[in-house]
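Colleague: I'd like to ask you about the structure that follows.
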Amino acid sequence: MNWTITYYSDSVQEEILAIPAGFLGRYLRYTDRMEVYGPDLGMPHTRAMGDGLFELRLKAAEGIARVFYCTMVGRKIVMLHQFTKKSDKTPPRELETAQRRMKEYKNAHSQRT
């Protein structure tokens, strides 16, 4: 059984699909692999951030971008937040946004699964 990729919201999906072409190409390639092999592609493509949060690591000519995601029961991968990195460390605000969205999504959908 394959994994399914879904999004926290329509606006998150639109943001991700609007990233520069180099990032988008890698995002689509990696998510295709995630649908087959699961959410953990290993370094350098994915990394666990703790407490059920993961990051998809995108590197292209445009720079470095990250897409945060989590997993749900039923082999579902939920894309939560994306941003373009401008420094070596992930800004706390970006991480907090992803953590808050993960908590909201899991609270809203845990009763249904």
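Colleague: Could you check the range 56-111 and list, in sequence order, the residues that are touching a Pro at 6+ places or on another chain (Cβ under 6 Å) and either of a type in the set (Asp, Glu) or not in a strand (DSSP E or B) (or both)?
Modeller: Of everything in the range 56-111, just one residue is touching a Pro at 6+ places or on another chain (Cβ under 6 Å) and either of a type in the set (Asp, Glu) or not in a strand (DSSP E or B) (or both), namely Glu62.
Colleague: Looking at Ile16, Ile64, which is the one that is within 11 Å of the chain's Cα centre (by Cα) and among the hydrophobic types (A, V, I, L, M, F, W, C)?
Modeller: Just a single option satisfies the conditions, and that option is Ile16.
Colleague: Filter the range 85-105 for residues that are modelled with pLDDT under 90 and either surrounded by 12 or more Cβ atoms within 10 Å (Cβ to Cβ) or in contact with a Gly (Cβ under 7 Å, 6 or more places away or on another chain) (or both) and give the result.
Modeller: Lys85, Thr90, Pro91
Colleague: Turning to a different aspect of this structure: Mind listing whichever residues of the range 1-32 are surrounded by 14 or more Cβ atoms within 10 Å (Cβ to Cβ), closer than 18 Å to Lys76 by Cβ and not hydroxyl-bearing (Ser, Thr, Tyr)?
Modeller: Across the range 1-32, the qualifying residues are Trp3, Ile5, Val12, Gln13, Ile16.
Colleague: Val78 fails exactly one of the following numbered conditions: (1) open to solvent by 10 Å² or more (accessible area, probe 1.4 Å); (2) over 22 Å from Pro20 (Cβ atoms); (3) under 9 Å from the mean Cα position of the chain (by Cα). What is the number of that condition?
Modeller: With respect to (1) open to solvent by 10 Å² or more (accessible area, probe 1.4 Å); (2) over 22 Å from Pro20 (Cβ atoms); (3) under 9 Å from the mean Cα position of the chain (by Cα), Val78 is out only on (1).
Colleague: Do we have Thr31 as under 22 Å from Glu96 (Cα atoms) and of a type in the set (Ser, Thr, Tyr) here?
Modeller: No: the conditions fail for Thr31.
Colleague: Return yes or no: is Ala48 surrounded by fewer than 19 Cβ atoms within 10 Å (Cβ to Cβ) and farther than 19 Å from Tyr105 by Cβ?
Modeller: No, not satisfied.
The values are calculated or read from the model by the stated rules, or taken from the named source; none is laboratory data. Keep in mind the model is a prediction, meaning the values are calculated, not measured. FYI the Cβ positions are ideal-geometry reconstructions off the backbone, even for glycines, and counts take in every protein chain you see. Just the protein is used for accessible areas: all its heavy atoms, side chains included, with ligands, DNA and RNA removed. Shrake-Rupley method; radii C 1.70, N 1.55, O 1.52, S 1.80 Å.
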